[in-house]
1. Out of 148, 97, 72, which single residue is of a type in the set (A, V, I, L, M) and at pLDDT below 90?
2. For residue 40, which of the numbered conditions (1) surrounded by fewer than 11 Cβ atoms within 10 Å (Cβ to Cβ); (2) on the phi > 0 side of the Ramachandran plot fails to hold?
3. Could you check region 1-35 and list, in sequence order, the residues that are assigned to a helix (DSSP H, G or I), free of Cβ contacts under 8 Å to residues at least 40 places away in the same chain and loosely packed, with under 13 Cβ neighbours inside 10 Å?
Amino acid sequence: MPPAIEALDHWTYVSHDIERARRFYVDVLGAKPLDRPGGGPPAVEIAGHVVDFFPATEKDPPAPGSRGQHHAFRIQLQDYDPWVEHLRTHEVPVMLASHGKHRMSIYVQDPDGYHLELTLGLDPETGRREIEKRGLRSYTIPHGFDAA
């Protein structure tokens, strides 16, 4: 068995416009700008994790990957609709989905195309009621939405 991993320290994004990316994470997602004593790459802190931003180059452009490659942030049920409203106010396209009757998600992309998910788990009865109330369709990766 390998030694223990203590925690996720940070992740990195390559961006065409680092300031635009930082503004998205701060203004839209509520991250805190992170200024490191002694320097370091531009960064933010969100949900207890650090995101470092590095400039895109010809050899190292942003590489968001498929929708299956994403970071998921946990939210509360009472915040689901306010998040949808907030994102739309900031003109961020959203994809609303359920995952069976136990999970609701909001999928967005940051300015460089990286996929992000805001998600919450539900007990089956609450899930059924809340999913039906919003008319959410079930979405799975890699298959997409179930037939309507």
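The values are calculated or read from the model by the stated rules, or taken from the named source; none is laboratory data. Keep in mind that what you see is a predicted model, and the values were worked out from it rather than measured. Glycine gets a Cβ as well: all are built from the backbone with ideal geometry, and neighbour counts include every protein chain shown.
1. It is 148.
2. Unmet for residue 40, out of (1) surrounded by fewer than 11 Cβ atoms within 10 Å (Cβ to Cβ); (2) on the phi > 0 side of the Ramachandran plot: (1).
3. 19
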